[in-house]
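The values are calculated or read from the model by the stated rules, or taken from the named source; none is laboratory data. All figures in this text were calculated on a predicted structure; none of them were measured in a lab. Virtual Cβ from ideal backbone geometry, glycine too; neighbours counted across all protein chains shown.
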Amino acid sequence: MPLKWLYLLVRVNLFIILLILPLIKSFPTSVQDASVCGIFHWSGNVCMTKFDMAVAIGAAFGLPVDHLRPDNSQPSGDVRRPHDTQLACKRLEALGIGRRTAFRDGIIECLKPFM
């Protein structure tokens, strides 16, 4: 039986380790600048649906994905979700902080111990 995965809303990956390390290294100098305060956003720059992520995980670990099907129906429930959850990362990029990781590379590093 096909397994449906949400295909309507897009998400971006966030491999937080690659953001934290450069941020920690630059923190002592950044904290001296009064303009470096407030909320900073970070996210990946490639949008993927949950279906895309499931297929990518299968491909990364050599698992079958032929039973997965995209589900284009609206999510159920009372909570509204945005179509695209990508965040504006310009403040951190302007400081030269942050590095993006390809979804496949990040998911392999995260899940490999469990496979």
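Key figures for this structure:
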{"quantity": "Tally of residues being touching a Gly at 6+ places or on another chain (Cβ under 8 Å) and assigned to a loop (DSSP other than H, G, I, E, B) across region 55-85", "calculated": "2"}
{"quantity": "Leading residue by the ranking (farthest from MET53 (Cα to Cα)) among those in region 68-104 that are basic (Lys, Arg) and under 20 Å from the mean Cα position of the chain (by Cα)", "calculated": "ARG91"}
{"quantity": "In region 68-93, residue nearest to HIS41 (Cα to Cα) [restricted to those that are basic (Lys, Arg) and surrounded by 11 or more Cβ atoms within 10 Å (Cβ to Cβ)]", "calculated": "ARG91"}
{"quantity": "Qualifying residue in region 56-66 (condition: modelled with pLDDT of 75 or more, in contact with a Pro (Cβ under 7 Å, 6 or more places away or on another chain) and surrounded by 12 or more Cβ atoms within 10 Å (Cβ to Cβ))", "calculated": "yes"}
{"quantity": "Matching residues in region 94-104 - criterion: being assigned to a helix (DSSP H, G or I) and surrounded by 13 or more Cβ atoms within 10 Å (Cβ to Cβ)", "calculated": "PHE103, ARG104"}
